[in-house]
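Below you'll find the structure, written out as structure tokens, and then a few comments.
The values are calculated or read from the model by the stated rules, or taken from the named source; none is laboratory data. Keep in mind that what you see is a predicted model, and the values were worked out from it rather than measured. With ideal geometry, Cβ positions are generated from the backbone for all residues, glycine too; neighbour counts draw on all protein chains shown. All accessible areas refer to the heavy atoms of the entire protein, side chains included, with ligands and DNA or RNA removed. Shrake-Rupley method; radii C 1.70, N 1.55, O 1.52, S 1.80 Å.
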2 protein chains.
Amino acid sequence: MKIINNPNRTDWPTLVTRPEFKKEEITIVVSEILSEVKNNGDEALLKYAEKFDQVKLSQLTVSKEEIENATSVVSEELKSAIEIAKSNIEKFHSAQNTSEAPVETTKGVSCWRKSVGIEKVGLYIPGGSAPLFSTILMLAIPAKIAGCKEIILCTPPNKEGQINPAILYTAKLVGITNIFKVGGAQAVGAMAWGTETIPQVYKIFGPGNQFVTKAKEMVQQEGVAIDMPAGPSELLVIADDSCNPSFVAADLLSQAEHGADSQVILLSDSEKVLAEVNAELDFQLAQLPRIEIAKAAIENSKSILLSNINDCLEFSNQYAPEHLILASVKTDEMINKIVNAGSVFIGNYSCESAGDYASGTNHTLPTNGFARNYSGVSVDSFVKKITFQKLNETGIQNIGSAIEIMADAEGLFAHKNAVTLRLKEIGDV
Amino acid sequence: MKIINNPNRTDWPTLVTRPEFKKEEITIVVSEILSEVKNNGDEALLKYAEKFDQVKLSQLTVSKEEIENATSVVSEELKSAIEIAKSNIEKFHSAQNTSEAPVETTKGVSCWRKSVGIEKVGLYIPGGSAPLFSTILMLAIPAKIAGCKEIILCTPPNKEGQINPAILYTAKLVGITNIFKVGGAQAVGAMAWGTETIPQVYKIFGPGNQFVTKAKEMVQQEGVAIDMPAGPSELLVIADDSCNPSFVAADLLSQAEHGADSQVILLSDSEKVLAEVNAELDFQLAQLPRIEIAKAAIENSKSILLSNINDCLEFSNQYAPEHLILASVKTDEMINKIVNAGSVFIGNYSCESAGDYASGTNHTLPTNGFARNYSGVSVDSFVKKITFQKLNETGIQNIGSAIEIMADAEGLFAHKNAVTLRLKEIGDV
């Protein structure tokens, strides 16, 4: 890992910048896929399954039998682990499902908000080397708590036309049985517009490669909501002399193994800590099965020495990391200074993988600096908050005149008249 | 207003469809404006002020003197009205600023969320015929409650290079003094990237014409968050025989006067109500100053007879109106059936203009069917919710094994190792 000693503050903006990816070529490919799916529906999906997933599918829908069979294949040990994660994620997300009491803003004027689940939502789960069944928990559990009526799941099949059993088992466990064998940008298009088989949804969630991400951005322009913009996964660790260097190295590597484009940053006020973590890093890296991926990510990463922990926090706020670990036993003061971060892991025993799987927090988080302006996925992401208001005669008498004056000043006379007529009827004018 | 009697359910999807606008030409114009602003900063803004606002500006920043002078120009009557609105909007939005208690999902595992204001936000207020100072209240008050540190405001100048005093007065009242004389797509570009004079922001709020809306969509693709996608304003009224037809007509017109493209829909189970409202509509329309605009909007609008109120609610949910008025004295049952709507006005005395100005609810709401998947602006819109977690030794002992098993099943061994090392250190393995 490259070590940077006490960089000038004027260099910070460069240091917090993420690498840019060329988007033009992807845009052209994704546009074509989306318009094919829009125009030809299932036919296009089957064609792309053959092209990209190398499989001739007889049907896109995962059958009841396939779902049932998954249960018998998944080990009891994994099932118990998933149950623990599910229970914690449910506990944490249920607490987000609050209702707000009406506020009487003026006598006779009562206003409130009500959370209503978005009726139709689509979850995308990538296939490929890692079957991300944990992401199903992270998306489906808040969707259920929010009260979404129709939840569908798209995920690419393997070359045998099958879906990983852990994915099917987890989906069933959280109550999702509308599962489709569709991956990539074509899955996003299918959920955005619907096909003969796949129902249209109002909001699309889930991680994916650059094609999936681009497709989500493009359908967003046509009125389909998406969870958030996305980029490569990131971790920033602030470690002081009370950290455990071997834990820090393990955490940095757990981020690095996600992909060669993963972003890993280590900040410290101690030269010794940086040296120790880097030594541990080399040691642990050698033992990883995904060594090539992790090595590439680590080569692009930085460990930076700053003069004090306050500067580390300031740098971190400028970077706005997806994951932020405070590797220290003195975290109380640090917490209050965090302004931009997706999810924060406090102390030496809060590893990122806890939040990735089982502590209860959501792992769908803003990357690429989006922690400055976006939140991670929560129950909020699956609801609309509708405002309600009820004015009685007293209410309109109390605020009617203010409305008339303001409407008049904005030149909106029909707005004013809607009040005047009511005040007249009550006999107030 | 066109009356449609008992349309077939199969025709509903057509009836709820909004007119489409051609976007291609706008896209080209807006792209050019944005890239000019990105490359040439203030120079481009001054050029566009001359071109679009017909004014040669000596500076873009509104001076302290201009802001102070506004106070002396605005009438005491209007000031008091704005004060009443401000107080109600503050009361309603303050209640949204809740903090969430930590949840102990498992013994030793504590998780919570903290709302942190987005540091830099930009508010856009249109100029033109109506000086929308009310929108400043609707955007700046929640921004302040959210704790946004830097709030800037852009609004176009008139031909004399001035900003409407009511806008300046209201801005100052809610604590905004960074005000710039920039309108249109160029204002959006300036806030997205910053110029010599105008600071860059992370999220842009506010209504605008098709150019502003398009510019917001386009900068969103480059990582700047926006409040929500936008379209023409809308009102749907469900009226039964307990409504007051003259109130209903006034409400429909208050929507219609916004613009010729405003969408107005009246639903009822009573032929008599439809006839009476339409008669009132003709009568009131004739007296409006903005008669031409309102007339055009009403000509595009529909009054629809349905067999019962339940069908009206179902239709409304399919339409997903920005504003929904329940013009009835029997609203209790109706409320629970509302699934898609921006803001709901209950009973005969809750006119839309109450919510537009002074009841306390926000008037920045999802249009164009976006009430299916978006909420209106609230304090939520101005914060990120950061998750925190703290595991102690007991916590990692309790969930560590579940994490290891799940990480292993997803093929992510460094994730597993981050836990294993900690369990070993505790002496648990």
Under 13 Å by backbone N from the virtual spin label 7 Å along Cα-to-Cβ at B:Q221, the residues of the stretch B:28-59 are B:28-32, B:34-35
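Taking a probe of 1.4 Å, how large is the accessible area per residue of chain A, in Å²? Please list the in-between numbers first.
Numbers: 15870 Å² over 429 residues.
Result: 37 Å² per residue.
With a ≥ b ≥ c taken as the square roots of the eigenvalues of the C-alpha gyration tensor of the stretch B:23-227, please select rounded if a/c is under 1.5 and otherwise prolate if a/b is larger than b/c or oblate if it is not? Don't skip to the answer; put the middle values down first.
Values: a/c = 2.30, a/b = 1.29, b/c = 1.78.
Oblate is the answer for the stretch B:23-227, as a/c is 1.5 or above yet b/c matches or exceeds a/b.
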Counting only DSSP beta bridges fully inside the stretch A:23-227, the antiparallel percentage to nearest 5 is 25
Once all protein chains are kept in place, B:W112 shows an accessible area at probe 1.4 Å, nearest 10 Å², of 50
GNM on chain A, Cα springs under 10 Å; top mean-square fluctuation among A:N362, A:N417, A:N317 goes to A:N417
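Rounded to the nearest 100 Å², what is the sum over both chains of accessible area buried where A meets B, with a probe of 1.4 Å?
Values: alone 21040 and 21050 Å², together 31770 Å².
About 10300 Å² of accessible surface is lost on pairing.
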The alpha-carbon center of the stretch B:121-157 and that of the stretch B:187-239 are separated, in whole Å, by 12
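Chain B: D in µm²/s via Stokes-Einstein (Kirkwood Rh, Cα pairs, 37 °C, 0.692 mPa s)? Walk me through the numbers before you get to the answer.
On the way: Rh = 24.2 Å.
For these conditions, the coefficient is 136 µm²/s.
Averaged across the residues of B:218-226, what count of C-beta atoms belonging to other chains lies within 10 Å of each residue's C-beta? Write out the running numbers ahead of the final one.
Values: counts 1, 0, 4, 6, 1, 8, 2, 7, 1.
Average neighbour count from other chains, rounded to a whole number: 3.
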Taking a label point 7 Å from the Cα of A:D241 along Cα-to-Cβ, the residues of the stretch A:289-328 whose backbone nitrogen sits under 20 Å from it are A:304-313, A:326-328
GNM of chain A, Cα pairs under 10 angstrom: of A:F283, A:F345, A:F21, the biggest fluctuation goes to A:F21
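Can you compute the helix-only [θ] at 222 nm over chain B? Use -39500 (n - 2.57) per DSSP H run of at least 4 residues, normalise by all residues, nearest 500 deg cm²/dmol.
Working: 17 runs with 194 residues, N = 429.
Computed mean residue ellipticity for chain B: -14000 deg cm²/dmol.
From the Cα gyration tensor of the stretch A:345-384, with a ≥ b ≥ c the square roots of its eigenvalues, which class applies: rounded if a/c is under 1.5, or else prolate if a/b is larger than b/c, or else oblate?
Values: a/c = 2.79, a/b = 1.49, b/c = 1.88.
Verdict is oblate for the stretch A:345-384.
Report the net charge of residues surrounding B:V37, where surrounding means a beta-carbon distance below 12 angstrom and charges are Lys +1, Arg +1, Asp -1, Glu -1. Don't skip to the end; give the middle numbers.
Working: positive: B:K38, B:K47; negative: B:E32, B:E36, B:D42, B:E43, B:E196.
Every neighbour counted, the sum reads -3.
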Taking N as the number of residues in the protein assembly as shown, the ratio of its alpha carbon radius of gyration to 2.2 N^0.38 Å works out to 0.97
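R0 = 30 Å: FRET efficiency of B:K295 with A:E425, Cβ-based, nearest 0.05?
Working: r = 25 Å, r/R0 = 0.85.
Efficiency, from the Cβ-Cβ distance: 0.75.
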Judged on accessible area alone, 1.4 Å probe, highest first, A:T394, B:T17, A:T105 line up as B:T17, A:T394, A:T105
Most fluctuating of A:I89, A:I26, A:I325 in the GNM of chain A (C-alpha, under 10 Å) is A:I26
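How many percent of the accessible area of the stretch A:214-352 is carbon or sulfur, using a 1.4 Å probe? Please report the intermediate quantities before stating the final value.
Details: 2090 of 4260 Å².
After summing per-atom areas, the C and S share lands at 49 percent.
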To the nearest 0.05, the calculated FRET efficiency linking B:Q287 and B:N40 through their beta-carbon distance, R0 being 56 Å, is 0.70
Excluding ligands, DNA and RNA, the carbon-plus-sulfur percentage of the accessible area of the stretch A:1-138 with a 1.4 Å probe reads 50
